[in-house]
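Read the structure below first, then the notes.
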Amino acid sequence: MHLVPAGRRLDFDTSPGSYAYVYRRCRNQQWQCVAQNACSPYLDQAVLEPSAAPEYMVYYRNADGTTTAETTVVRADPAGMPISPSWINLA
């Protein structure tokens, strides 16, 4: 998970014969499918409130639609990120 100026970027592996479905939830709400047959990197450009603290999971399905694997939950928490880059903090 990377916070980039355009949104939140997810990098994930996709094996042949698998289709990636990206799910997002904010503040422990219901999971919502935001991309079907997604490619990596996936860029979520949805406008969310700063306090939303979105979490993501990727489910892998085969051609029959059966879930074959899933990733762990990753969280994008912009609260700890600076609003703009600071050259002072770069080492």
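Every number here is computed from the coordinates shown, using simple stated rules; none is lab data. Just so it is clear, the model here is predicted, and its values are computed rather than measured. Here the Cβ positions follow ideal geometry from the backbone for every residue, glycine too, while neighbour counts run over all protein chains shown.
Tabulated data
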item	result
Proxy reagent accessibility, fewest Cβ within 10 Å first, across ARG75, ARG24	ARG75, ARG24
Segment 37-47 - phi-based ³J(HN,Hα) in whole Hz, Karplus 6.51/-1.76/1.60, Gly and Pro as x	6, 6, 9, 9, x, 9, 10, 8, 9, 4, 7
Overall dimensions of segment 2-79 as given by Cα atoms, namely Rg and Dmax in Å	12.6, 40
Residues with amide H under 5 Å from that of VAL34, placed H, sequence gap 5 or more	VAL22, TYR23, ARG24
Residue order, fewest to most beta carbons within 10 Å, for ASP64, ASP11, ASP44	ASP64, ASP11, ASP44
